[in-house]
Amino acid sequence: MKRFYKDVSVLKQGKMYVVLLDGKTIKTPQKSLCLLPTRAMADAVAKEWEDQDKDIDPVSMPITKMINTAIDRVAVRRSEITTELVNFAGSDQICYRADNPQELVELQNKIWNPLSRRMLEIHNIELKFTTGIVFQEQDPKHLLKIRKLIEDIEDYALMAFYGMATVCGSITIGLNLFEGHISTDEAWEAGHLDENFQVLKWGRDQDADDRRANLKDELENSVRFLSLCK
């Protein structure tokens, strides 16, 4: 799409903010008004539009994309997304442990166990572990606690949490990151521990590296998005 506007500005509208292109408010793909919860987020979205050249490149506008998804998908499908995340918790990757090699077993215990302990200490949530890939059914009472935590997250922040949990393959890792207990790099290492271990053992692959780079960008954008919500 060709750039069709010259001026980009930000306007406060009630308790929210909007971004204007030549005086017209931007909208989501579903034609909803793009309301932004903070001035920081509005400024970030405005900068993405301002930075476009002759052609608009959606790939270079991750915050705008996440806002669109938060409004068009999260806000109108909260129940489905909450259920999806709770089901995701039922197959949290940190619950599936290796039984060999010993080096990997020790690495999983070192990185993952403190995150699980914090879930128990802070939220009284305890997920069951197993070795191998046979499905481990979780206690419904603990999954219900996870559901209640998710239901308390507002729409925009839930967009960020969804990205954190899915990129890391774990509700446990995602929640530790979301609550500021670990850094983005620590979450990345925890979420891709097995894969990183295999890379160290067997070497790199360009296609895999490209995929991992895209996922790392997605995680970093989710963390940035959360910071802009505050």
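The values are calculated or read from the model by the stated rules, or taken from the named source; none is laboratory data. Worth saying up front: this structure is predicted, and the values here are computed from it rather than measured. Don't worry about glycine lacking a Cβ; one is built from the backbone with ideal geometry, like all the others, and counts go over all protein chains shown. Side chains included, ligands, DNA and RNA excluded: accessible areas come from the protein's heavy atoms. Shrake-Rupley method; radii C 1.70, N 1.55, O 1.52, S 1.80 Å.
Kindly give the semi-axes, whole Å and largest first, of the ellipsoid equivalent to the chain, taking each as the square root of 5 times a Cα gyration tensor eigenvalue.
36, 21, 13
The stretch 157-230: which GluC sites (Glu not before Pro) are DSSP loop and have at most 14 other beta-carbon atoms within 10 angstrom? Walk me through the numbers on the way to the answer.
On the way: sites: E179, E186, E189, E195, E218, E220; in loops: E179.
Passing both the DSSP loop test and the Cβ count: E179.
Please say if the stretch 1-76 is rounded, prolate or oblate, where rounded means a/c under 1.5 for a ≥ b ≥ c the square roots of the C-alpha gyration tensor eigenvalues, and otherwise the choice is prolate for a/b larger than b/c and oblate otherwise? Please list the in-between numbers first.
On the way: a/c = 1.68, a/b = 1.24, b/c = 1.36.
Verdict is oblate for the stretch 1-76.
How big is the dipole moment of the chain about its Cα centre under a simple scheme where the beta carbon of each Lys and Arg is +1, that of each Asp and Glu is -1, and everything else is neutral? Debye, nearest 20, please. Mind dumping the intermediate values first?
Working: 31 positive and 37 negative charges, 195 e Å.
My answer is approximately 940 debye.
For every helix of n ≥ 4 consecutive DSSP H residues, a contribution of -39,500 (n - 2.57) applies; sum these over the chain, divide by its total residues, and give [θ] at 222 nm rounded to the nearest 500 deg cm²/dmol.
Details: 10 runs with 130 residues, N = 230.
Counting only the DSSP helices, I get -18000 deg cm²/dmol.
Using the Cα atoms of the stretch 117-229, I'd like the radius of gyration and the largest Cα-Cα distance, Dmax, both in angstrom.
Radius of gyration, then largest Cα-Cα span, for the stretch 117-229: 15.2, 43 Å.
I'd like the accessible area for D210: 1.4 Å probe, protein heavy atoms, all chains in place, Å² to the nearest 10.
D210 exposes around 80 Å² with every protein chain in place.
Which length gain, in nm to one decimal place, applies between Q102 and K2 when the Cα-Cα distance is subtracted from 0.36 nm times their residue separation?
Extending this stretch completely gives an extra 30.4 nm.
Per residue, how many Å² of accessible area does the chain show with a 1.4 Å probe?
Result: 55 Å² of accessible area for each residue.
For the stretch 54-142, which chymotrypsin sites (Phe, Trp or Tyr not before Pro) are both in a DSSP coil and crowded by at most 13 other Cβ atoms within 10 Å?
F135
Which trypsin sites (Lys or Arg not before Pro) in the stretch 2-98 pass both tests, a DSSP loop state and at most 13 other beta-carbon atoms within 10 Å?
R3, K6, K15, K31, K54, R77
Under 8 Å for C-alpha pairs, at least 6 residues apart: give me the relative contact order for the stretch 117-230, rounded to a whole percent.
25 percent
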